[in-house]
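Written out below as structure tokens is the structure these notes cover.
The values are calculated or read from the model by the stated rules, or taken from the named source; none is laboratory data. Because the structure is predicted, anything quoted here is derived from the model rather than measured. FYI the Cβ positions are ideal-geometry reconstructions off the backbone, even for glycines, and counts take in every protein chain you see.
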Amino acid sequence: METPIVILNFKTYTESTGKRALELAGACQEVADETGVNIAVAPQHMDLQPVAEAVDIPVLAQHIDPIDAGGHTGGVLAECALEAGAAGTLINHSEKRMKLADIENVISRTRKLNMASVVCTNNVSTTAAAAALKPDFVAVEPPELIGSGIPVSKAEPEVITGSVSAVQDINPDVSVLCGAGISTGEDMRAALDLGAEGVLLASGIILAESPRDALLDLVSKV
Ligand SMILES: O=C(CO)COP(=O)(O)O
């Protein structure tokens, strides 16, 4: 997955579930094609395969468990996500936190399967800790701003600049994304100007009257 990038996390919104996941992913594909901006989508697990079959943009899982094949009822196996068409996965989202050892375990599983790893963090210190585990991306998202409509790039710019400089020191190969409250082209531009290589977002697009128009605005200043 190349940067600058927009990753749209479908979470479990009704507006991005089932048939609507397919429609939303289709809109993302159209905007990516029209504008040339990299857009990836992270639908729910049940929607992974139909979405991955319908679009050419990268499709990510929202979570993978640190488990081997075998007896783990209800678990999410990395190999299953891969076979369903996932090009990578979010790891440790603030709505699906994991233990440090499990984060490392899942990063190494994704590496073996050639899947992209996007570790979510909540501040500069956890971003630094995640970067030491050598994922492909870290995505810093202050939890109190998630779903708030108040963009991290305006409310807490120091979290982005601090994360970028911490990752530069620890592992410059890791790309830093940011998220929480991002919805407009101005928010995304501010994130890029602060040194982020892209954004991870959800409600600003998913709950918009026209997600396609909201996406076009989001990428308009890239
Ligand atoms: O958690 C997020 C993306 O993973 C951010 O959510 P919002 O874009 O709704 O603030």
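A compact table of results
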item	result
Search result, residues across region 147-194 that are under 17 Å from the mean Cα position of the chain (by Cα) and on the phi > 0 side of the Ramachandran plot	GLY147, ALA180, GLY181
Long-range neighbours under 8 Å by Cβ, at least six apart or interchain, first residue farther than 14 Å from ARG189 by Cβ within region 203-222, second modelled with pLDDT of 95 or more and of a type in the set (Phe, Trp, Tyr)	SER203/TYR13; ILE206/PHE10; ILE206/TYR13; LEU207/TYR13
VAL106, sole failed condition from (1) surrounded by fewer than 23 Cβ atoms within 10 Å (Cβ to Cβ); (2) among the aliphatic types (A, V, I, L, M); (3) in a helix (DSSP H, G or I)	(1)
Residue identified as of a type in the set (Gly, Ala, Ser), in a loop (DSSP other than H, G, I, E, B), within 13 Å of the ligand (Cβ to nearest atom) and under 16 Å from THR121 (Cα atoms) among GLY149, GLY181	GLY181
Subset of region 1-30 that is under 21 Å from VAL118 (Cα atoms) and in a loop (DSSP other than H, G, I, E, B) - its residue that is nearest to the ligand (Cβ to nearest atom)	LYS11
Residues of region 193-211 classified as more than 16 Å from the ligand (Cβ to nearest atom) and farther than 26 Å from THR14 by Cβ, total	3
Filter result for ASP187 (within 15 Å of the ligand (Cβ to nearest atom) and within 27 Å of ALA131 (Cβ to Cβ))	yes
Residue among ALA101, ALA54, ALA78 that alone is small (Gly, Ala, Ser) and within 30 Å of ALA214 (Cα to Cα)	ALA54
Hits in region 120-146 (condition: away from the ligand (no atom under 16 Å from the Cβ), part of a helix (DSSP H, G or I) and in contact with a strand residue (DSSP E or B) (Cβ under 8 Å, 6 or more places away or on another chain))	VAL124, ALA129, ALA131
Hey, LEU82 part of a helix (DSSP H, G or I) and either out of contact with any Pro (no Cβ under 6 Å at 6 or more places or on another chain) or closer than 30 Å to GLU34 by Cα (or both) or not	yes
LEU90, sole failed condition from (1) touching a helix residue (DSSP H, G or I) at 6+ places or on another chain (Cβ under 7 Å); (2) buried (at least 22 other Cβ atoms within 10 Å of the Cβ); (3) closer than 20 Å to VAL119 by Cβ	(1)
Residue among ALA129, ALA155 that alone is among the small types (Gly, Ala, Ser) and either under 19 Å from THR89 (Cα atoms) or in contact with a Ser or Thr (Cβ under 7 Å, 6 or more places away or on another chain) (or both)	ALA129
Boolean, ILE160 is assigned to a helix (DSSP H, G or I), at pLDDT 95 or above and within 24 Å of PRO58 (Cα to Cα)	no
Where GLY162 falls short, out of the listed (1) in contact (Cβ under 8 Å) with a residue 40 or more places away in the chain; (2) buried (at least 18 other Cβ atoms within 10 Å of the Cβ)	(1)
Subset of region 85-94 [closer than 17 Å to VAL41 by Cα, part of a loop (DSSP other than H, G, I, E, B) and within 14 Å of the ligand (Cβ to nearest atom)]	ASN92, HIS93
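A quick yes/no check of all residues on (1) part of a helix (DSSP H, G or I); (2) surrounded by fewer than 19 Cβ atoms within 10 Å (Cβ to Cβ):
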site: ALA40; (1), (2): no, no
site: GLN49; (1), (2): yes, yes
site: PRO66; (1), (2): no, no
site: LYS96; (1), (2): no, yes
site: ALA101; (1), (2): yes, yes
site: VAL118; (1), (2): no, no
